[in-house]
1. Pairs of alpha-carbon atoms within less than 8 angstrom and 6+ residues apart define the contacts here; what relative contact order does the chain have, in percent?
2. Most exposed first by the Cβ proxy, i.e. fewest other Cβ within 10 Å, how do Val80, Val405, Val300 rank?
3. Taking amide H atoms as placed 1.01 Å from N in the peptide plane, list the residues 5 or more away in sequence, or in a different chain, whose amide H sits under 5 Å from that of Glu318.
4. Neighbouring Cβ atoms within 10 Å as the yardstick, rank Asp111, Asp158 fewest first.
5. Taking every DSSP beta bridge with both residues inside the chain, roughly what % is antiparallel (nearest 5)?
6. How far is the Cα center of region 361-403 from the Cα center of region 252-270, in Å?
7. Determine, for Glu403, Glu208, Glu103, the number of other Cβ atoms within 10 Å of each Cβ, and report the residues in order from fewest to most.
8. Within region 247-307, which trypsin sites (Lys or Arg not before Pro) sit in a loop by DSSP and count at most 13 neighbouring Cβ atoms inside 10 Å?
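Only the coordinates and a few stated rules stand behind these numbers; no lab work does. Just so it is clear, the model here is predicted, and its values are computed rather than measured. Heads up, the Cβs are rebuilt from the backbone with ideal geometry, glycines too, and the neighbour counts pull from every protein chain shown.
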Amino acid sequence: MITVQKSLFENQTAIIQMISSGMPLKKILTFLMDSIENSGDSFGWHGAIMLYNPLLNQLGETVSSSLPINFINSIEPVEVSPYGGACGTAAFLKQPVTVTDIESNPLCEKDRHTAIVHGLRACFSIPVLSSKKELVGIIALYSREVGKPNEEILNAVDFYSKLVSLAIEISNSSTNRSFQYSFEGNKCLNGSNEKVLIELNTALESEEFEVYYQPYFGVNEQLLGVEALIRWNHPHLGLLSPASFLSIAEETGFILDIEKWVLTQSIYKLKKLHQSGWPDLSLSVNISAQQFDNPRFPEVVAELLERMSFPPRNLTLEVTERFLIHQENIDIVNRLRAIGIKLSIDDFGTSYSSFQYLKDLKVDEIKIDRSFISNLEMDKISQKIVKMIITLGHQLNLNIVAEGVETQKQLQILKKMKCDSIQGFLFSKPIPFDHFKKMSFTK
């Protein structure tokens, strides 16, 4: 018993070191699962850790080094429900579930044949809960013999489940990994778009989305306007940035609904600031190139501006470089500019087509990508690139905005380079509208 305890605590120390070092989650979970399988009298039991996907309410990504890969592929994803087999039911109830005989237990009806074909006869599943008692995954043990795990194995599972929870929770908090996986993992995207769209639609209908505002300034530090940035107050995952969900919105076309909502909400809120004594404050809103496939897009925006009594000259639509606007859509750009709306190229300099944009499109502004600004004090190459972009932009009568300005030194360099506008944490992070109204620069 002393030897077993020593092994447990030695592994605990190793696992905590792995977590603190930032090792990839899959490697940590593989080590954890191997540790469970090698604990005491565990011969014949083969384990897996399945991660919970709250967006789809499924157990998706499976980590195992001993279960047959064909078996894993055949059961993924597992629905979290009272009829989701041993794993799905344990996740649903947030309680351990033991199936001593897969062949006869009604819980295993769906995957019974698959399990038996692979020689698996019994299963034990235990939910993995976060520090907030929220489901983050499950640990499953399968045996090739009918029966249940002995006490030594159960103690090991209970011991290691806390470390599994810690590893998953830290990974989720630092990278939103489980959420991003649900959108970016091919396995989840295949056949799951409908569920993702339901979740996004529900978020829109339930007012879970919120517009944050990040101010931008002239180099004289005078407030010029704000950029509208969407956030998702997710009921399970907390506040999510656009990077976590916009890719799936783009892929499914839901981006059109999101952008229409952001445009409407941000214009409505900024109109309030205009009425409160800031009539010249400008608004920038990110728009995907998909909007330019709609021949009525200029009219839709014009109608919105007229309905809100919002001056077109105070609206700038930002198009990120990775959204390549096709040649046939340039007419849409020209019609928007004819209304009086400005067009800006966001993240300028990150694409090989950067200067092609300036040749083909009549734009009003370019925003230098933050990757050129982040080390501007030390990186002479970045300084030369930024200076070149500013000089060329001014020759084309463009307004130049530097993104990601975080230090006074960066600001001073940009002033010397005669950059027009600046935006970044040096002045303000993106903040909710109510907080923005209370900031000193709005008084």
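1. 10
2. Val300, Val80, Val405
3. It is Val285, Asn286, Ile287, Ser344, by chain and number.
4. Asp158, Asp111
5. Antiparallel bridges make up about 65 percent of those DSSP assigns within the chain.
6. 28
7. Taking fewest neighbouring Cβ atoms as first place, the list is Glu103, Glu208, Glu403.
8. Arg296
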